[in-house]
Amino acid sequence: AVLQYLAGMMYADTEEDYNMIYDEMIMWAEHHQQEWDVDDFIAYFDSYYAEKKEKKSRVWRRGNYNIDTNNFIESWHQSLKEAYLSGLKRQRVNVLIYILWDVVLPSVMTDHAQTALLVKSATMTKAERDRYNAARDI
């Protein structure tokens with residue numbers, strides 16, 4: 001049950017929803033106080049997560065294009081090295097800036113515009129395609 005509250009706060013659409021789910025979690029925890037140590041949990045949650053809610057919850061993280069983990073960034077970095085830098089290990093900063101500005105940026109912006117205008121579909125990983133196909137078949 002606590003996991004549902006935590007997920008609800010993480011994916012809340014509004015600050016009011018976040019606060020409501022937080023209050024519900026506190027009430028649930030107090031109701032189950034005899035089963036486990038609620039005070040330690042609330043203190044831990046408030047000190048490690050609630051004070052950083054602007055970094056954790058979707059409510060305050062608008063405009064991040066649903067990039068919720070660094071896996072996307074690491075994948076993009078790998079693609080950058082393989083596709084645009086051709087495996088070069090060392091480059092001077094001015095060469096890297098030139099490649100990023102004149103080669104990578106136009107390509108990324110074109111891809112983003114085409115995807116946003118539905119001219120081109122977003123690329124999906126095999127796992128995403130499998131989930132999409134499974135959902136479509138239901």
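The values are calculated or read from the model by the stated rules, or taken from the named source; none is laboratory data. Predicted, not measured: the structure shown is a model, and the values here were computed from it. Areas reflect the complete protein model, heavy atoms only, side chains present, ligands, DNA and RNA absent. Shrake-Rupley method; radii C 1.70, N 1.55, O 1.52, S 1.80 Å.
Under 1.5 on a/c is rounded, so check that first for the stretch 17-61, then, if it is not, pick prolate when a/b is larger than b/c and oblate when it is not; a ≥ b ≥ c are the square roots of the alpha carbon gyration tensor eigenvalues.
oblate
Express in nm, to one decimal, how much length is gained between residue 100 and residue 129 on full extension, taking 0.36 nm for each residue of separation and deducting their alpha carbon distance. Could you put the intermediate results ahead of the total?
Details: separation 29, 0.36 × 29 = 10.44 nm, distance 2.99 nm.
Result for the pair: 7.5 nm of gain on full extension.
Tell me the label only: which of (i) 14.7, 48; (ii) 17.5, 65; (iii) 21.6, 63 is Rg and Dmax of the Cα atoms in Å as calculated from this structure?
The listed entry that was calculated here is (iii).
How much area per residue is accessible in the chain when the probe is 1.4 Å and only protein heavy atoms are counted (Å²)?
Numbers: 11140 Å² over 138 residues.
Using a 1.4 Å probe on heavy atoms only, each residue of the chain averages 81 Å².
Show that you can apply the helix-only estimate: for the chain, add -39,500 (n - 2.57) for every DSSP H stretch of four or more residues, divide by all residues, and state [θ] at 222 nm to the nearest 500.
The helix contribution divided over the chain gives -17500 deg cm²/dmol.
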